[in-house]
């Protein structure tokens, strides 16, 4: 197992971060714990979870798996995700910008019938409550990494940063990060932290894979220049890059794309003719490199110099072991160049009218 430094910090993490979003729903508790124990045996020291995964159940499962080995685990959780407001509080408003990059409002995550206006977002009130809830469920008195789960277009950035700085000063969090933020939003946060002498966001979690490379244009160069670690989620495009799906057939039963309406809505952007055509080309490149498609997809993400680790889940020990094997795969320059050609074939480069 390779260990990389988290951005400019001294924190060292395994290049595979075990994602736990499926634990407690798609994967039952006993299997989830066995997967985590096997991951630790194979050298994984980095675990990622969030308070909204199965409405806190996932964190409770993680707590059982890390009991007795807490200090050897780099434990990350997240807070502030948008949740579906209980009907008694009226109509839910989404003030985020609507435009080319965000053509429709974000769909809130269903989280029960008692969710109130302050049970989401990045306000001081909610983040402090969310952190305490995560610590309790995880059975620990500190988190190694705490992420702002997604942008909050209502709460002032300064309020969020000061609240998260307090968490570090209180000893409840070691490092801070954000997830799903755009490059300009991260840049604003870094500048504000520097100006106010606040603990800054030292890691970001964006989606990044062979079918979703938008972060290469601005976010990854920013992270390299500013020393921000990058731990992308969905490195397999929610499993589509395994090559096991057929566009003309229903999603495989029990897999991510078949998990009811959330499986469909979460992964809908990937299920299209362009991506399936790209996958056929990528399969040929992987075969030429003598690597299975899943390992090829994960190794490609890790080959980017901006990447610290990949946040990737597993539904079985066999799948976990295959994913970990990908961390030892080194792709040739020719294979990487061929992947670039596939990207350009399905998303042709356009003229950039700003910046030099």
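Within segment 144-177, how many residues turn out to be more than 17 Å from the chain's Cα centre (by Cα) and in a strand (DSSP E or B)?
2
Among the residues of segment 187-225, how many are touching a strand residue (DSSP E or B) at 6+ places or on another chain (Cβ under 6 Å) and part of a helix (DSSP H, G or I)?
Within segment 187-225, residues that are touching a strand residue (DSSP E or B) at 6+ places or on another chain (Cβ under 6 Å) and part of a helix (DSSP H, G or I) number 2.
Is it the case that segment 85-106 has a residue that's surrounded by 15 or more Cβ atoms within 10 Å (Cβ to Cβ), touching a strand residue (DSSP E or B) at 6+ places or on another chain (Cβ under 7 Å) and in contact (Cβ under 8 Å) with a residue 12 or more places away in the chain?
No, the conditions are met nowhere in segment 85-106.
Given the structure, is residue 268 outside any helix (DSSP H, G or I) and modelled with pLDDT under 95?
In short, no.
Looking at the structure I just gave you, is residue 61 more than 17 Å from the chain's Cα centre (by Cα), crowded, with 22+ Cβ neighbours inside 10 Å and in contact (Cβ under 8 Å) with a residue 12 or more places away in the chain?
Criteria met by residue 61.
Checking the structure you have, find out if any residue of segment 34-41 is surrounded by 14 or more Cβ atoms within 10 Å (Cβ to Cβ), touching a residue at least 12 places away in the same chain (Cβ under 8 Å) and not in a helix (DSSP H, G or I).
No, because not a single residue in segment 34-41 is surrounded by 14 or more Cβ atoms within 10 Å (Cβ to Cβ), touching a residue at least 12 places away in the same chain (Cβ under 8 Å) and not in a helix (DSSP H, G or I).
Run residue 318 past the list (1) closer than 24 Å to residue 23 by Cβ; (2) without any contact (Cβ under 8 Å) to a residue 40 or more places away in the chain; (3) buried (at least 16 other Cβ atoms within 10 Å of the Cβ) and report the number of the one that doesn't hold.
(3)
Condition check ((1) in contact with a strand residue (DSSP E or B) (Cβ under 8 Å, 6 or more places away or on another chain); (2) modelled with pLDDT of 95 or more) across all residues:
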position: 305; (1), (2): no, yes
position: 327; (1), (2): yes, yes
position: 336; (1), (2): no, yes
position: 340; (1), (2): no, yes
position: 351; (1), (2): no, no
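The values are calculated or read from the model by the stated rules, or taken from the named source; none is laboratory data. All values reported here derive from a predicted model rather than from experimental measurement. Quick reminder, even Gly has a Cβ in these numbers, built from the backbone with ideal geometry, and neighbours come from all protein chains shown.
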